[in-house]
1. How many of the residues in the stretch 69-96 are more than 16 Å from ARG31 (Cβ to Cβ) and open to solvent by less than 20 Å² (accessible area, probe 1.4 Å)?
2. What number goes with the only condition from (1) in a loop (DSSP other than H, G, I, E, B); (2) closer than 21 Å to THR322 by Cβ; (3) not small (Gly, Ala, Ser) that ASN253 does not pass?
3. In the set ALA141, ALA128, ALA134, ALA109, which member is open to solvent by less than 40 Å² (accessible area, probe 1.4 Å) and without any contact (Cβ under 8 Å) to a residue 24 or more places away in the chain?
4. In the stretch 322-331, what count of residues is obtained for those that are in contact with a strand residue (DSSP E or B) (Cβ under 8 Å, 6 or more places away or on another chain) and surrounded by fewer than 19 Cβ atoms within 10 Å (Cβ to Cβ)?
5. Looking at the stretch 69-82 only, could you name the residues that are in contact (Cβ under 8 Å) with a residue 24 or more places away in the chain and either in contact with a helix residue (DSSP H, G or I) (Cβ under 7 Å, 6 or more places away or on another chain) or under 22 Å from LEU181 (Cα atoms) (or both)?
6. Kindly list the number of the only condition in (1) assigned to a strand (DSSP E or B); (2) in contact with a Lys or Arg (Cβ under 6 Å, 6 or more places away or on another chain) that fails for ALA200.
7. Show the residue pairs meeting these rules: Cβ distance below 7 Å; 6+ apart or different chains; first residue within the stretch 256-278 and modelled with pLDDT of 95 or more; second residue open to solvent by 50 Å² or more (accessible area, probe 1.4 Å) and charged (D, E, K, R).
8. Could you grab me the full set of residues in the stretch 235-270 that are among the small types (Gly, Ala, Ser), over 22 Å from GLU315 (Cβ atoms) and surrounded by fewer than 19 Cβ atoms within 10 Å (Cβ to Cβ)?
Amino acid sequence: MKIDKGTVRAPEIGRIWFNSPPLSMRQLRGRVVLIDFWDYTCVNCIRTLPYLKEWHARYQQKGLTVIGVHTPEFLFARYESNVERGIEEFGLTYPVVVDSNMELWQAFANRYWPTKYLIDGEGYLRYAHFGEGAYAETEEAIQELLREIHPEAPLPPVMGPVRETDRPGAVCYPPSPELYLGHRRGRMGNAGEFVEDQPADYTHSGEMKEGYFYAYGRWTATGDHLESAGEGEARIAIPYSAAGVNLVMASFNPQPREVEIRQNGSPLAPAVAGADVSFSDGRSFITVVRPRMYSLVNSNDFGTCKLELITRQPELALFAFTFTTCVDKGA
């Protein structure tokens, strides 16, 4: 989305920075600035990072400054140590400013993860894009603003897609909606719904509806997550329609927590298992060490399935499921 030149000034940015001393918009006059609002647990944000890293590499010496604004969705993502580990994990070398109190989010009147804003050499907002996609369009906007500053600067061809599912011809189906597990935003399908902020025993019988999760065993439902609350077996089940499934999880115990995963009643097949899944003794499972997004299912085919997560340990915290839906029909 283009914004008319000279109409909207970009707000000032930031206090706590990684990969850079603190920067100001006044200090950056004469450069094009790309502001990326992201969260290290957000699958849509994560999928845009390869493009941001490449734009930083291509255009840093030609007048572009990329700044990641890390605005957390969950409480644990406010901690600087967790943000720093996320930056290291994804190999980000451009400046990242911590926005744990959502000051910059509010200053930009932002609403979505991820969102990209382009600011011209005079400090005015000139372009915005919400969500994934439009990578070529965004790079063309970067080049247009760079040419306003350096008309004769040689610029490379616009980069190609980094994933087959980003190419024209990839098919994206309507997905299951993002599914939170805390009582503030969560959609529990159990007849009794949430027992808020205290341990409770859950059960369910009968059909399951897509767009809801179903709890079995002992759980504590807090505002933003569901936490296993006993040594016995506790399960979560969801019906879903997607090609891939991700889940933000954390261990609230010094020791890692283990969660077993089953699809349609059986262990995951290696061909559809997400990157974080391990296999042993006929089981498929994930070991949850630190708070982040974990990849559960990664299939080349879109389908409707039932997913179950089983733990036998307390203090495993589940925050939100997200679903990916685009498939490469040539695969």
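1. 13
2. Just one mismatch for ASN253, condition (2).
3. ALA134
4. 4
5. Across the stretch 69-82, the qualifying residues are VAL69, HIS70, THR71, PRO72, GLU73, PHE74, LEU75, PHE76, ALA77, ASN82.
6. (2)
7. ARG257/GLU315; GLU260/ARG283; ASN264/LYS306; PRO267/ARG283
8. Those that are among the small types (Gly, Ala, Ser), over 22 Å from GLU315 (Cβ atoms) and surrounded by fewer than 19 Cβ atoms within 10 Å (Cβ to Cβ): SER241, GLY265, SER266, ALA269.
The values are calculated or read from the model by the stated rules, or taken from the named source; none is laboratory data. Everything numeric in this text was worked out from a predicted model, so none of it was measured. Cβ atoms come from the backbone with ideal geometry, glycine included; neighbour counts cover every protein chain shown. What goes into the accessible areas is simple: the full protein's heavy atoms, side chains included, and nothing from ligands, DNA or RNA. Shrake-Rupley method; radii C 1.70, N 1.55, O 1.52, S 1.80 Å.
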